[in-house]
Amino acid sequence: MKLSTHIKHFSQPKSLILTFSLGIIMTVIGFSCKDSDTDPVDVYEYYPLTVGNYTVYEVKEEIYSSGQAGPVKKTWQEKDEIEKVVSNAEGISTYTFSRSTRNTPADYWQKVKEFTVQKYPDKLLTNIDNQTFFSMAFPVDSRLKWNGNTYNNLEAEDYHYENVNQPVMIGTQSFDRSLTVVERKDTSIINRYIGIKQYGLGVGLISDDQTSFELCQNEDCIGSGKIESGAHKSRKILEFGRR
C-alpha cells in the first residue's frame, strides 16, 4: 500500500522522514497481524492423520424422556485409533478409524465400529454410521461458513470457526492452540439444538458437545427452559498418543 504524507513540506532531515515512514508501515503491519486469526501454522495439524494415532475420551450422556423425573445418565470411555490409510489415483487419502469402548479404565477395550476420514486439499469428510459430514474446511478462517451436510440428505447446517489458534483447557489438560467448529446453535423457547467441537493443534478432536432438547411447551411452563425430552452428550479428551 502506498503511504502519502506531507512531510516533504517541512524542513526535516531525510533520516527522520525515513524513520517516520517506516514507523507508519510497521504500525499498519502490526494492526494487520493483530486482526488476523489465521497465524502461519499448518492448519491440517488440527486434525493430524497418521496411522497409529489414538485418542481416549471420557463420554457422558444424559437422556431425557417425558414423564420421567430426571435424566438417565451414563458414563464410559471411547478410544478412536487410525488403523490404515488408502490413497486413490487423484491423491485423496481415506483413513480408517476404529472406535472401541469400555465402562471403566479397568475393563478391556471392545471394538464397536469403524469410520473413515477423507482428506482433500480444501476439506475433511467424515463418514460415520453411513452418514458423510463435511467436518472441516480449509483454509481455516473465522469468516468462513460451509454446509456440514453437503454430502448427506440431512437439512443444511452452516458450520463456522470460532476462537482460532486460541489456548484452551479441557479438564486438567491445556492446549496452546485450538479452534472451535460450531456445527449448530439453534435455541428458542421450545427447543435447543447445539453442536460444538474443539480441536487442538497436533492432537485433533479434544472435545465434542452435542445437545438436542425439546423444551416444555405447556402454558404453565413454556419459556421456563424445562426439558421435556432429548439428549446431551459430551466427549472430552483424556489422553492421546501413537501406538
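Observations on the model:
- Of TRP76, TRP146, the sequence from fewest to most neighbouring Cβ atoms within 10 angstrom is TRP76, TRP146.
- Placing +1 on each Lys and Arg Cβ and -1 on each Asp and Glu Cβ, with no other charges, gives segment 150-243 a dipole about its Cα centre of roughly 600 debye.
- Look at the alpha carbon pairs under 8 Å that are at least 6 residues apart: their mean separation over the length of segment 59-116 gives a relative contact order of 26 percent.
- Working note: Karplus 6.51/-1.76/1.60 with θ = phi - 60° gives segment 236-243 the couplings 10, 5, 10, 7, 8, x, 9, 6 Hz, where Gly and Pro are set to x.
- Listed peptides 110-118, 78-86 by packing density, highest first (mean Cβ within 10 Å): 78-86, 110-118
- Only Lys, Arg (+1) and Asp, Glu (-1) charged, at Cβ; segment 45-242 dipole about Cα centre in debye: 440 debye
- Table column - 3J(HN,Hα) (Hz), segment 128-138, Karplus curve with 6.51, -1.76, 1.60, x for Gly and Pro: 9, 6, 6, 10, 9, 10, 7, 6, 9, 10, 10
- Ranked packing of 119-125, 102-108, most packed first, by mean Cβ within 10 Å: 119-125, 102-108
- Segment 191-200 - phi-based ³J(HN,Hα) in whole Hz, Karplus 6.51/-1.76/1.60, Gly and Pro as x: 7, 8, 10, 9, x, 9, 10, 10, 10, x
- Cα centroid of segment 165-192 to Cα centroid of segment 228-243, whole Å: 13 Å
- Long-range amide H partners of THR150 with built H, under 5 Å: PHE134
Readers should treat all values here as calculations from the given coordinates under stated rules, not as data from a laboratory. Because the structure is predicted, anything quoted here is derived from the model rather than measured. We place every Cβ from the backbone using ideal geometry, glycine too, and count neighbours over all the protein chains shown.
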